[in-house]
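Following: one structure in structure tokens, then a few remarks.
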Amino acid sequence: MTYPLAFPFTALQGQQQLQTALLLVAVDPLLGGVLVEGPRGTAKSTSARALAALLPAGRFVNLPLGATEEQLVGSLDLEAALQDSRVQFRPGLLAQAHQGILYVDEVNLLADGLVDLLLDVSASGVNRVERDGVSHQHAARIALIGTMNPEEGQLRPQLLDRFGLFVQLGNVPDVATRKAIVQTRMAYDADHEAFAARYAAAQQALAARVAAARDSVAALDWNDAVLDHVAQLCQSAGVEGVRADLVMLRAARAHAALAGRAEVSVADVDAVAELALAHRRSHDAGAGTPPPPAESPSNATPPDSAPPPPAPAAQGSDTPPDNWGALPPPQATGLQAVKPLKAFAAKKA
């Protein structure tokens, strides 16, 4: 069976922020993956598949929602154990996705335990297996891409925070963009090979940029101004901990490497800041400091020219008594006076 060629990454239209995030995680897979949130039909899976062609192995591995932990991390090879009495590791999906993409559609519907495991591996680049008599570890430098539709539920906050970058897609912004997307897609569907050939040169150039950036990214340095800017942005956003700082700095470094620069700049930080902060920003971040409470009336000293405030009048009296001061007036009740206890005891005797 012949499969159609993947949609070229350089032919994607109208999702610049998504394309930037995907390229960053292609340069530095240890960013911790990209979570893409958006409605149906916004090219989430198409973009993820298109990225695979730019990676060294070119692999695109899909993690189904019904996958088990054994399928994901690997397990004991039962056939080797039964036939030869050998303890042998059977690779899982993480091993298959090494140097490629592990794609999880509707990641918010995946079991929390599997999401947690995925995020551990994507941040460390190593898959460690200790189960069923197997003790094994292998490299798993995966570009983790998770997509979700917010109408189907949200990720738990602690899992959301562990995704390195976050992109929130909206609907098509204007008529011109909608037209360009439709025309491009129709041309691709009409003839996959001819469409791919049209973008072959651009694809080759971009793949070379990504490969060069992957080779150079670890050597890039930054100055104190960059660190100060990262810290200030994260502090202003009210994020918890320093994960956002680390992700932002790594993303800025990948951005600089992709541009062919030898040092990270403040401009690189600004280019990636929202991708690192969008899902971590505190709800009350940016709110102004509340003004100090007004001085209490009991402590305030009125100006000499101001007349003293009138004392409240007692109920039923036109003239307030002088000795009440600032105390509230007594309120009449409908109760009858109670006789003193001594008089009541004498009468009873």
- Item | Hits in the stretch 218-236 (condition: surrounded by fewer than 19 Cβ atoms within 10 Å (Cβ to Cβ) and in a helix (DSSP H, G or I)) | ALA218, ALA219, ASP224, ALA225, LEU227, ASP228, ALA231, GLN232, GLN235, SER236
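Please go through the stretch 123-182 and pick out each residue that is among the polar types (S, T, N, Q) and either touching a strand residue (DSSP E or B) at 6+ places or on another chain (Cβ under 7 Å) or within 21 Å of LEU246 (Cα to Cα) (or both).
Kept after step one, since they are among the polar types (S, T, N, Q), are these residues of the stretch 123-182: 124, 127, 135, 137, 147, 149, 154, 158, 168, 171, 177.
SER124, ASN127, GLN137, THR147, GLN158, GLN168 - these are the residues of the stretch 123-182 that are among the polar types (S, T, N, Q) and either touching a strand residue (DSSP E or B) at 6+ places or on another chain (Cβ under 7 Å) or within 21 Å of LEU246 (Cα to Cα) (or both).
Residue by residue, here is whether (1) touching a helix residue (DSSP H, G or I) at 6+ places or on another chain (Cβ under 8 Å); (2) crowded, with 16+ Cβ neighbours inside 10 Å; (3) over 19 Å from GLU69 (Cβ atoms) holds:
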position	(1), (2), (3)
PHE89	no, yes, no
LEU102	yes, yes, no
ALA111	no, no, no
SER122	yes, yes, no
HIS136	no, yes, no
THR147	yes, yes, yes
GLY164	yes, yes, yes
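So, in the stretch 1-22, how many residues would count as being within 23 Å of ASP161 (Cα to Cα) and over 17 Å from the mean Cα position of the chain (by Cα)? Before the answer, list the steps.
Let us first name the residues in the stretch 1-22 that are within 23 Å of ASP161 (Cα to Cα), namely 15-22.
Still in the running and over 17 Å from the mean Cα position of the chain (by Cα): 15-16.
Number of matching residues: 2.
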- In the stretch 263-282, what residues are surrounded by 17 or more Cβ atoms within 10 Å (Cβ to Cβ), farther than 10 Å from ARG253 by Cβ and not basic (Lys, Arg)? SER265, ALA271, ALA273, GLU274, LEU275, ALA276, LEU277, HIS279
- Which is within 28 Å of THR177 (Cα to Cα), at pLDDT 90 or above and of a type outside the set (Ser, Thr, Tyr), of ALA97, ALA67, ALA50? ALA50
- Query: In this structure, does VAL230 turn out to be in contact with a Lys or Arg (Cβ under 7 Å, 6 or more places away or on another chain) and more than 24 Å from THR42 (Cα to Cα)?
  - Reply: no
- Query: Can you name every residue in the stretch 11-49 that is of a type in the set (Gly, Ala, Ser), under 15 Å from LEU169 (Cβ atoms) and surrounded by 18 or more Cβ atoms within 10 Å (Cβ to Cβ)?
  - Reply: GLY14, ALA21, GLY38, ALA43, SER47, ALA48
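The values are calculated or read from the model by the stated rules, or taken from the named source; none is laboratory data. It should be emphasised that the depicted structure is a prediction, and the values quoted were computed from it without experimental measurement. Here Cβ is always computed from backbone atoms with ideal geometry, including for glycine, and neighbour counts include all displayed protein chains.
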